[in-house]
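The values are calculated or read from the model by the stated rules, or taken from the named source; none is laboratory data. What you see is a predicted model, and the numbers here were worked out from it, not measured in a lab. Don't worry about glycine lacking a Cβ; one is built from the backbone with ideal geometry, like all the others, and counts go over all protein chains shown.
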Amino acid sequence: MELNEHLAKAREIAAEANKGNTHSSKNNRLWADTLKRALLQADGNKIRAIAEALIEKAASGDVSAIRELGDRVDGKPTQQIDQTTEHSGEVTYTWKK
C-alpha cells in the first residue's frame, strides 16, 4: 500500500471516529423538549417563578445559586490547561508490507 493510500485510509477512520454521539443532536433531545414545553405552559409563568426562586436563593447567599446565575448570565469560565512535554516534535512512521 502506498503512502497516499495509507493517509487516505487513516483520514477515513479519523472521520468516522470524530462523528461523536450522533444521538445527542439538538433535534433528538426528548427530555429537553419536554421540559421546555412544560416550562412555557401558562404563558411562561412557571419558568419565571423558577428564575425568581433562583435569584432569591442567590440574593440570600446560596453559593450554588450564585454560581448557577453567573454561569447562565456570563457563561461558564473556560478551564485553563497547562501542558508541558519532553517530546522533541519528531514523529516517525513505519509501514509493514
Output for Cβ contacts, cut-off 9 Å, separation at least six or different chains, first residue under 15 Å from Lys96 (Cα atoms) in region 1-23, second in a helix (DSSP H, G or I) and modelled with pLDDT of 75 or more, reads Met1/Lys9
- Query: Do the conditions hold for Val91, that is, is it among the hydrophobic types (A, V, I, L, M, F, W, C) and part of a loop (DSSP other than H, G, I, E, B)?
  - Reply: yes
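I'd like to check something: does region 46-58 contain any residue that is loosely packed, with under 10 Cβ neighbours inside 10 Å and free of Cβ contacts under 8 Å to residues at least 24 places away in the same chain?
Among the residues of region 46-58, not one is loosely packed, with under 10 Cβ neighbours inside 10 Å and free of Cβ contacts under 8 Å to residues at least 24 places away in the same chain, which makes the answer no.
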ask   = Is it the case that region 62-72 has a residue that's over 24 Å from the mean Cα position of the chain (by Cα), small (Gly, Ala, Ser) and either modelled with pLDDT under 85 or surrounded by 10 or more Cβ atoms within 10 Å (Cβ to Cβ) (or both)?
value = no
